[in-house]
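The values are calculated or read from the model by the stated rules, or taken from the named source; none is laboratory data. Bear in mind that the values here come from a model prediction, so they are computed numbers and not experimental data. Every residue, glycine among them, receives a Cβ derived from its backbone with ideal geometry; neighbour counts consider all protein chains shown.
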Amino acid sequence: MAQSGVDSPRFDATQLLLHCLGVDSPAELFLAPPPSPEQQARYRVLLRRRAGREPLQYLLGFWEFYGRRFHVREGVLIPRPDTELLIDLSLQFFPPGAAPQILDLCSGSGAIAVTLALERPDAAVDALELSTDALEVLRENIALHGAPVGVIGDDVITYHPSHPYDMIVSNPPYISGQEYALLQPEVLCEPRMALLAPQDGMYFYEAIICRYRECLKPGGRLLLEAGSTQAQRIAALLRQNGYKEIEIHRDLAKIERAVCAIWNS
């Protein structure tokens, strides 16, 4: 796999072996029985597919987010550690027992919505997603974790909620056409509609900031994941549209990764 350009061939090979043998950790390999011929054959197939730059997460069928496993497969965006910052910030905004109403836009696998519902049992969380493939995975993850999340199959550009929310959170598509052409082969396996955004990657930010301020309660919060070069432009859009208390937060790599603001109507 290293010859194919895979970034972490040893780690990936180990994860695929664990998957084929049905064990959870490398330490268990020493106690596991020798692999059967069927397991060996399956492992070889998965190694070839990974060398062909299929995402490890799709081959495994799951990935971890905020300490929990989520179903993932072709047709849904793979949850990333960067997005966990949105969870950390969201959990700081409301005191215990506040029972906030939260809307997750462009929910994909539901990693954000499900995690918020589990971390804040007092919250009422809805998840909006357009893709039929992603909606299927979203519902699977809700069932997997027994999370009380409402599912809305609709377009973020045209949807209008029936009631206002205390917080709207989103990790929208934000890759520009120029950036998309330079992505790694693994990322190009992920759904184009979950990655690519017109207007130099700013299209969905503009739509959400303008349209969804009417869907926030007075003092409600909008929380957006940002591309690595977009936080300042997002903050400027928020100011232009009347949001207050705009904050930019950095991820563990010190990249400006999240922008939050308050709507005071």
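On the given criteria, is Ala111 over 16 Å from Ile168 (Cβ atoms) and assigned by TED's automatic domain parsing to the domain that holds Ile208? So Ala111 fits the description; yes.
Of the candidates Ala127, Ala207, the single residue that is closer than 22 Å to Val72 by Cα and outside any loop (DSSP other than H, G, I, E, B) is Ala127. In segment 75-96, the residues that are under 17 Å from Gln184 (Cα atoms) and of a type in the set (A, V, I, L, M) reach residues that are in a helix (DSSP H, G or I) and modelled with pLDDT of 95 or more with C-beta atoms within less than 6 angstrom, at least six apart or across chains, in these pairs: Val76/Ala134; Val76/Val137; Leu77/Ala194; Ile78/Gln57.
Here the condition is being modelled with pLDDT of 95 or more and in a helix (DSSP H, G or I); of Ile168, Ile142, it holds for Ile142 alone. The residue of segment 4-31 that is farthest from Arg69 (Cα to Cα), among those that are among the hydroxyl-bearing types (Ser, Thr, Tyr) and part of a loop (DSSP other than H, G, I, E, B), is Ser8.
Of Gly219, Gly177, which residue is assigned by TED's automatic domain parsing to the domain that holds Ala111, more than 30 Å from Ser4 (Cα to Cα), loosely packed, with under 15 Cβ neighbours inside 10 Å and free of Cβ contacts under 8 Å to residues at least 60 places away in the same chain?
Sole residue among the options that is assigned by TED's automatic domain parsing to the domain that holds Ala111, more than 30 Å from Ser4 (Cα to Cα), loosely packed, with under 15 Cβ neighbours inside 10 Å and free of Cβ contacts under 8 Å to residues at least 60 places away in the same chain: Gly219.
Does Leu29 count as surrounded by 12 or more Cβ atoms within 10 Å (Cβ to Cβ) and touching a residue at least 24 places away in the same chain (Cβ under 8 Å)? No, not satisfied. Here Leu222 qualifies as among the hydrophobic types (A, V, I, L, M, F, W, C) and under 30 Å from Asp133 (Cβ atoms). Does Thr132 count as surrounded by fewer than 19 Cβ atoms within 10 Å (Cβ to Cβ), at pLDDT 95 or above and among the hydroxyl-bearing types (Ser, Thr, Tyr)? Against the criterion (surrounded by fewer than 19 Cβ atoms within 10 Å (Cβ to Cβ), at pLDDT 95 or above and among the hydroxyl-bearing types (Ser, Thr, Tyr)), Thr132 qualifies. In the condition set (1) out of contact with any strand residue (DSSP E or B) (no Cβ under 6 Å at 6 or more places or on another chain); (2) surrounded by 12 or more Cβ atoms within 10 Å (Cβ to Cβ), Gln3 is compliant with all but (2).
Taking each residue of segment 48-59 that is in a helix (DSSP H, G or I) and looking for partners that are at pLDDT below 95 and surrounded by fewer than 17 Cβ atoms within 10 Å (Cβ to Cβ) with beta-carbon atoms closer than 7 Å, six or more apart or interchain, yields Ala51/Ser4. Among the conditions (1) in a helix (DSSP H, G or I); (2) in contact (Cβ under 8 Å) with a residue 40 or more places away in the chain; (3) surrounded by fewer than 19 Cβ atoms within 10 Å (Cβ to Cβ), Leu116 misses just one, which is (3).
Screening Leu182 with (1) touching a residue at least 12 places away in the same chain (Cβ under 8 Å); (2) not in a strand (DSSP E or B) gives one miss only, at (1).
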